[in-house]
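Below: one structure, written as structure tokens.
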Amino acid sequence: MLAQRSKNPYPLLLLLFLTSCVPSRQFTSVTYNCNFSKTGSLKAHLKPSNRFVPMIMAHQGGIEDGYPGNCIATFENTYQNVPCVLLEFDIRMTADSQLVISHDNELGIRTNGTGLLNQQQWKDVKNLRLKDDKGLLTKNKIPSFKEVLDWSKDKSLILVVDKKPETDIVKTIKMLKDNNAIHKSIVICYSLDEAKKVYELEPSLMLAVGFNSWDHITNVEKSGLPLENIVALTPKELQPESFYLKVHSMKILTSLGTNGNIDTLNTEISAPMYNKIWESGADIICTDQPIFVHSLFQK
């Protein structure tokens with residue numbers, strides 16, 4: 001049983017959800033086949049069809065039940081409880097160019113360390129202990145990107161790589177290639193120029209790109225990027241039905257994040273809101289509470 005989350009009414013957001021008109025989703029089947037070894041299988045999976053429940057993206061791997069974000073123990077817990085999960089994590093780089101998993105550059109926010117991660121050597125930070133979402137120190141440590149790829153090697157999941165802007169993109173893509181993880185990875189891109197760079201480095205990679213307005217949709221259409229390689233990261237506020245229909249007409253999945261807002265509400269308030277997100281047109285729910293949200297859509 002999950003503990004009740006702290007109260008945070010967000011009255012305006014709640015009003016938006018309760019008053020919005022939502023269409024009925026027409027998807028009729030679902031599969032948890034996450035073997036993406038066949039060329040093109042991940043692209044085929046990430047299309048807006050053939051499912052009656054949303055995909056679940058675990059923001060930072062999830063932070064439920066005292067598990068800190070961005071650590072292997074958390075990834076394992078989520079993997080064991082959410083079939084075919086999209087596991088999102090953050091990559092930063094130390095002063096000695098080691099790629100590591102950390103949401104923040106400031107070590108004091110989520111570890112028992114101090115200073116900036118990118119100004120320290122890997123040997124000096126790899127034994128720091130991670131804090132959970134309540135700030136309590138855990139036994140878990142910062143993993144390297146290589147450690148995460150080794151852990152995920154034989155697992156049926158999707159890796160969602162949030163390479164922070166200051167992190168070397170060439171080194172990041174090389175690490176995915178060297179560890180045979182391209183076929184099950186999505187790289188989050190902070191601009192269309194960055195998306196073009198990633199595509200140039202590895203044309204088979206899936207790209208998560210911001211679709212924050214109608215202008216952004218138009219810019220993606222004009223970018224020259226292959227639409228079959230793209231997943232749309234949409235605003236946290238629900239958009240009009242026509243917005244999602246337009247993205248779906250491009251054969252692109254839409255993702256909406258509930259981390260930091262709906263995820264913080266009591267479960268009796270948040271539960272119907274996750275369902276409304278799905279019914280409104282978002283195909284992927286990106287959440288800090290992946291196990292809980294997954295459970296809501298199980299009959």
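Where a number appears in this text, it was derived from the coordinates with a stated rule and is not lab data. Everything quoted here is computed from the prediction, not taken from an experiment. Ideal geometry is used to build each Cβ from the backbone, glycine not excepted, and the neighbour counts take in all protein chains shown.
Numbers at a glance
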item	result
Estimated FRET transfer efficiency (GLU200, LEU136; beta-carbon r; R0 35 Å; 0.05)	0.20
Once the Cα gyration tensor of region 177-293 is diagonalised, semi-axes √(5λ) in Å	27, 18, 11
Residues ARG92, ARG129, sorted so that the one with the fewest Cβ neighbours within 10 Å comes first	ARG129, ARG92
Overall dimensions of the chain by Cα: Rg and Dmax, Å	18.6, 54
Overall form of region 109-257 per C-alpha gyration tensor (a/c, 1.5; a/b vs b/c)	prolate
FRET efficiency, 1/(1 + (r/R0)^6) with R0 30 Å, evaluated for ASN179 and GLU76 via beta carbons	0.95
Length added when fully stretched, LYS146-TYR190, from 0.36 nm per residue minus Cα-Cα	13.6 nm
Whole-number percent relative contact order across the chain, with pairs defined as alpha carbons under 8 Å at least 6 apart	23
Order of LEU130, LEU207 - criterion: other Cβ atoms within 10 Å of each residue's Cβ, fewest first	LEU207, LEU130
Chain lengthening between SER49 and ALA95 when straightened (0.36 nm per residue, less Cα-Cα)	12.2 nm
The chain: antiparallel DSSP beta bridges as a percent of all, rounded to 5	20
Whole-Hz couplings from phi, Karplus 6.51/-1.76/1.60, listed for region 126-139; x for Gly and Pro	5, 9, 5, 9, 8, 9, 7, 6, 9, x, 7, 6, 10, 7
Helix-derived mean residue ellipticity, 222 nm - over the chain, DSSP H n ≥ 4, -39500 (n - 2.57), to 500	-9000 deg cm²/dmol
At R0 = 25 Å, FRET efficiency that the Cβ-Cβ distance of LYS276 and MET250 yields, to 0.05	0.60
Of TRP278, TRP122, TRP214, the one that fluctuates the most in a GNM where the chain has Cα springs shorter than 10 Å	TRP214
